[in-house]
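Notes for the one structure printed next.
Read-outs throughout are calculated quantities, based only on the coordinates presented, and are distinct from any laboratory measurement. The shown structure was predicted, so the numbers you read here are calculated from the model rather than taken from an experiment. Here Cβ is always computed from backbone atoms with ideal geometry, including for glycine, and neighbour counts include all displayed protein chains.
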Amino acid sequence: MKKTTVVSLVAVVLAISCFGVVASAKEYLSGIEWAEPEMVDPGTAQKAPADAVVLFDGTDMSQFNGADKWIVADGAVTAGPGAVQSKAEFGDCQLHIEWATATEVKGDGQGRSNSGVFLMGKYEVQVLDSYENRTYFDGQCGAIYKQHPPLVNVCRKPGEWQSYDIIWKAPRFDGDGKLLSPAFITILHNGVLIQNHFQLEGDTPYTRAPEYKAHGERGPISLQFHGNPVRYRNIWVREVKELENRRIHEPKIR
Ligand code: MG
């Protein structure tokens, strides 16, 4: 018998036996009945997903308090005196926000295009021009301020538009104000992972160590004014809810 014929025969026998295994394979059943994931139009780079709360679409700052001196022009808003806080409040959420540091480079370290995105009005993700501008690493762009530097520095040049996509798991407190579970944050900066499910030590002040102080289940998205004309655009938030499910039987093989 030719060598090629033998190889073909072996292949046929193997295929038949594999098919037999597949035909009699047992299936694992978790025993959990899941709600069907909802259909959501994902939008585009310019358009938010259908289930998002749009906080700023380039036209006005009516979804924020304290924005009297923030100037809207050309589809963006420039930070002005006073922090702004979203009127809507959020717990666990996904936040998309685009921003640009000043085109004209002024100052250095913390003084160059400093701003910040605050989850629940308390937990700051630093916004800073960290393109060829060194400062303390846990205070550079993309840091959880005074807690954790970004894993990499993916800042674009001054004046160029950049993005944060933030996944936020809010802290939980019991009725007596005791911390039940800390906050966690994941951040993509310009599409690159810079914070990977980082566990926050508490809030992010300049003058003391981080600590958790009990607060409600929801809080505003707040943007900092630090004296620099940082611009923002295309801001939207999606609430994150777990899928409903129920156990209908113990895990089993059938
Ligand atoms: Mg800041």
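Total lysine pairs in the range 101-254 at Cα distances under 29 Å, for residues eight or more apart or on different chains: 20.
Between the range 132-180 and the range 21-88, the alpha-carbon centres lie 19 Å apart. When the Cα atoms of the range 91-225 are aligned to their principal axes, the ranges along those axes come out at 49, 29, 24 Å in descending order. Computed packing ranks the peptides 205-214, 219-228, 57-66, 161-170 as 219-228, 161-170, 57-66, 205-214, most packed first, by mean other Cβ atoms within 10 Å. Computed from Cα atoms, the angle from the helix 3-23 axis to the main principal axis of the chain rounds to 70 degrees. Computed over Cα pairs, the Kirkwood radius of the range 175-254 leads via Stokes-Einstein (1.567 mPa s, 4 °C) to a diffusion coefficient of 75 µm² per second.
Residues Met39, Met120, ranked from the fewest to the most other C-beta atoms within 10 Å, line up as Met39, Met120. Taking the number of Cβ atoms within 10 Å of each Cβ as an exposure proxy, the fewest-first ranking of Asp174, Asp129 is Asp174, Asp129. Working note: Debye formula, equal point scatterers on the alpha-carbon atoms of the chain, no solvent; log10 I(q)/I(0) at q = 0.09, 0.14 Å⁻¹ is -0.51, -0.94. Among the GluC sites (Glu not before Pro) in the range 77-160, those located in a DSSP loop and surrounded by at most 15 other Cβ atoms within 10 Å of their own Cβ are Glu104, Glu132, Glu160.
Taking the average, over residues, of other Cβ atoms within 10 Å as the packing measure, peptides 247-253, 183-189 rank 183-189, 247-253 from highest down.
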